Amino acid sequence: MSNQKSQGVQSVVRALNLLSIISRHDEGLRVSDAAREAGLAVSTTHRLLTTLELQGFAQFEPDRALWHVGREAFAAGAAFGRRHNFVAPALPFLRRLRDVTRETANLGLLDNDELVTVSQVESREIMRAISPPGGRVPVFCSGMGKAILATWTDEDIKAFVTRTGFHPLTARSHRNFRTAMKDIAGIRQRGYALDDEEHVTGLRCLAAVVWSPQGEAACAISVSGLAARLQNDKLDRIGQVVARAAAELTEKLGGMPPSGHGVLTGTT
């Protein structure tokens with residue numbers, strides 16, 4: 001009985017991993033490619049994907065032999081957004097940020113020590129920055145992640161770094177506590193965070209925190225785009241625009257920063 005239970009748990013883990021893999025490929029994925037990414041035999045992968053399809057969590061496109069995420073997976077993911085009741089109210093602010101800055105606007109939160117993008121309004125520019133909703137990024141490689149961390153005490157940030165370490169993605173990513181805290185100090189002073197090609201080379205992101213009614217960082221919003229467009233002389237102006245949008249969303253949600261944290265006001 002114990003062996004059967006163990007095999008059942010293993011199948012669930014493998015199926016969920018496959019679901020995660022195909023969710024990262026908007027264009028779809030062949031069973032052989034999914035098997036290779038998952039480290040499974042093609043026969044095992046096909047059996048698990050077929051099971052997911054029967055339950056509505058995966059969908060097969062026979063004309064091109066591609067697997068996609070199914071409707072039930074979307075429904076389950078949407079429930080996550082409903083549980084965090086700031087996602088829907090944030091959309092008008094994200095659209096306005098996109099229109100004002102002409103760059104992609106994002107909303108993210110911390111989950112299991114990573115920054116997860118939960119909502120996004122894409123730029124209309126042909127060349128644009130896209131980190132699809134559901135994507136995870138090491139916190140110190142993310143403008144939104146750093147904006148949230150900057151609301152924590154230095155002691156809490158140190159404990160976080162001790163627990164998770166740094167996971168640099170580019171040559172500009174943080175690799176030690178000293179430079180990370182220097183960055184955090186700048187964020188606290190300016191009221192917005194900058195991802196200066198720390199997640200993807202050639203991309204920049206400006207982010208600010210959104211406060212909950214309990215005076216905690218509920219989430220963060222940002223704009224991201226090509227570094228060639230988000231040039232140095234534009235950063236502070238756009239950063240202030242993002243910070244004001246975050247302050248307005250905070251007010252919309254009935255949030256309030258704790259004493260000692262300034263909030264920018266005005267319109268974007």
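Of all residues in segment 191-211, none are surrounded by fewer than 14 Cβ atoms within 10 Å (Cβ to Cβ) and more than 19 Å from K234 (Cα to Cα).
For segment 77-132: of the residues being modelled with pLDDT under 70 and loosely packed, with under 13 Cβ neighbours inside 10 Å, which is farthest from T164 (Cα to Cα)?
Taking segment 77-132 as the starting set, the residues that turn out to be modelled with pLDDT under 70 are 77-84, 126-132.
Cutting the leftovers down to loosely packed, with under 13 Cβ neighbours inside 10 Å gives us 78-79, 82-83, 126-127, 132.
On the way: A78: 28, A79: 28, R82: 28, R83: 26, I126: 36, M127: 33, P132: 24 Å.
This residue is I126.
Only a single item in (1) among the polar types (S, T, N, Q); (2) surrounded by 14 or more Cβ atoms within 10 Å (Cβ to Cβ); (3) at pLDDT below 90; (4) not assigned by TED's automatic domain parsing to the domain that holds H199 is not met by T45, and it is number (3).
What about T201, is it of a type in the set (S, T, Y) and more than 22 Å from S222 (Cα to Cα)?
Values: of a type in the set (S, T, Y): yes; more than 22 Å from S222 (Cα to Cα): no.
Criteria not met by T201.
Can you name the residue in segment 168-178 that is surrounded by fewer than 13 Cβ atoms within 10 Å (Cβ to Cβ) and closer than 19 Å to V137 by Cα and is also nearest to the chain's Cα centre (by Cα) among such residues? Out of the qualifying residues, it is A171.
The values are calculated or read from the model by the stated rules, or taken from the named source; none is laboratory data. This structure is a prediction, so every number in the text was calculated from the model and none was measured. Glycine gets a Cβ as well: all are built from the backbone with ideal geometry, and neighbour counts include every protein chain shown.
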